[in-house]
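Below: the structure, in structure tokens.
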């Protein structure tokens, strides 16, 4: 079921190149920002700049990229930039996430910003950045460049090793600023008209004007995907403060569930695959005869992290989350229910049903798990009915009988051997059947007695009866016989198959163990009498 939802989400009209590029390194691998060239640069200019930077980069003479430690380094894959820019769709996306106006001052400021952030207070950094942003207001594409400027700075803050308080203060400002600017940019037609002009100016038949509309529709999902990338990275590195901040920020944005699901599929496809693969392994682990416990525990530990990530990211009403959690619960139930017939496995089955109930989202599945859990709990607390083996026994309906020795030598020593009470587990259904059998047998015995008395009376006094009396007695006998036959027939039809009669109690192991010594050997009884 959840595979259909995934296929449906993947069929949505998304810009796949943009979703592939939507990760925290989107700016730090941008060719125009790395080479410090405008987006209108020709192929010749790009090639010359690559050759120049390759020579200088080998000698460490030019810093163009910020690494995670806050210092600059030269990218190893700069020679692949030319190949990257030959793809028209990827180049258009790189142009979109670059500065469209005069960028020399901006790039110089961004290169010096890490040291400023590390040495200055948060308010001073924000003030300097705000002054630089105000300088963009005079440019034609100020909204777009400001959005790129704020987004670039926010991702740069993520790479720096700052204290918890300072990092959260800078995050609150730059991430809020970047999303508000991108929101304005999405609704600003001038931005997208400029993108269409770039496509028309290039005159590349591989790229159509409709591609711009796809970028526009996909941009909110791509921005969410960048946050999901950061959350997953921090979550796996056990950086709780950073992960919680991004989780709170995602929830604060009130992103639609469908958009979050699409972003998760682009950023966490391996997470979905791990859950799907784990469900398949758990469902088949119950078939193993020896080490099925170890297999389930190992597979479940591997699924715990991706399931937790899905539940932390997606809201409770997200269809993908519900279906992934329900698939996990169904796989657990499918694996452990066949083990309910083994009494030694019941505690383990009960613990796994608790896990399945915790993951289950749909009401019907949760109800089914609760019913199975109640049955397992009852099976642990009660014994199965000995007379049918289908239901569980009840203390109020259990079979009790005082067993007395019945052979002659034991009967002679009845003062020595006292009768013992044997308790046999019985369910309410079997008790009702046994009570009905007693009633039928009692009625049959009473009717047979009446028939016998009537027959005897008929034989003794048939000469004194008139024709009418004889006929009435004959009708009475036929009615009693028909009643017994009909009652027996009804009882036979209503009797459940597999239910032992009450008279089979002497086959119970407890009764057999009690009577076996007296049947085999009576010498022990004489010894007991002599000792007494």
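The values are calculated or read from the model by the stated rules, or taken from the named source; none is laboratory data. Just so it is clear, the structure is predicted and the values come from calculations on it, not from any experiment. No Cβ is skipped: glycine too gets one built from the backbone with ideal geometry, and neighbour counts run over all protein chains shown.
Here residue 410 fits the description: modelled with pLDDT under 70 and assigned by TED's automatic domain parsing to the domain that holds residue 506.
Please pick out the residue among 184, 198, 166 that is surrounded by 13 or more Cβ atoms within 10 Å (Cβ to Cβ), modelled with pLDDT of 90 or more and part of a helix (DSSP H, G or I).
184
On inspection, residue 334 does not qualify as modelled with pLDDT of 85 or more and not in a helix (DSSP H, G or I).
Is it true that residue 24 is in contact with a strand residue (DSSP E or B) (Cβ under 6 Å, 6 or more places away or on another chain), in a loop (DSSP other than H, G, I, E, B) and either at pLDDT 75 or above or closer than 17 Å to residue 111 by Cβ (or both)? No. Quick check on the stretch 294-315. Is at least one of its residues within 26 Å of residue 233 (Cβ to Cβ), in contact (Cβ under 8 Å) with a residue 12 or more places away in the chain, in contact with a helix residue (DSSP H, G or I) (Cβ under 7 Å, 6 or more places away or on another chain) and in a loop (DSSP other than H, G, I, E, B)? Yes, some residue in the stretch 294-315 is within 26 Å of residue 233 (Cβ to Cβ), in contact (Cβ under 8 Å) with a residue 12 or more places away in the chain, in contact with a helix residue (DSSP H, G or I) (Cβ under 7 Å, 6 or more places away or on another chain) and in a loop (DSSP other than H, G, I, E, B).
Selection of the stretch 27-66 for residues being part of a loop (DSSP other than H, G, I, E, B), within 26 Å of residue 160 (Cα to Cα) and either in contact with a strand residue (DSSP E or B) (Cβ under 6 Å, 6 or more places away or on another chain) or modelled with pLDDT of 80 or more (or both) yields 27, 28, 29, 30, 36, 37, 63.
Filtering the stretch 203-215 to residues that are at negative phi and loosely packed, with under 14 Cβ neighbours inside 10 Å leaves 204, 205, 206, 208, 209, 210.
Residue-by-condition table, conditions (1) at pLDDT below 75; (2) over 15 Å from residue 26 (Cα atoms); (3) not assigned by TED's automatic domain parsing to the domain that holds residue 16:
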{"residue": "68", "(1), (2), (3)": "yes, no, no"}
{"residue": "96", "(1), (2), (3)": "no, no, no"}
{"residue": "99", "(1), (2), (3)": "no, no, no"}
{"residue": "108", "(1), (2), (3)": "no, yes, no"}
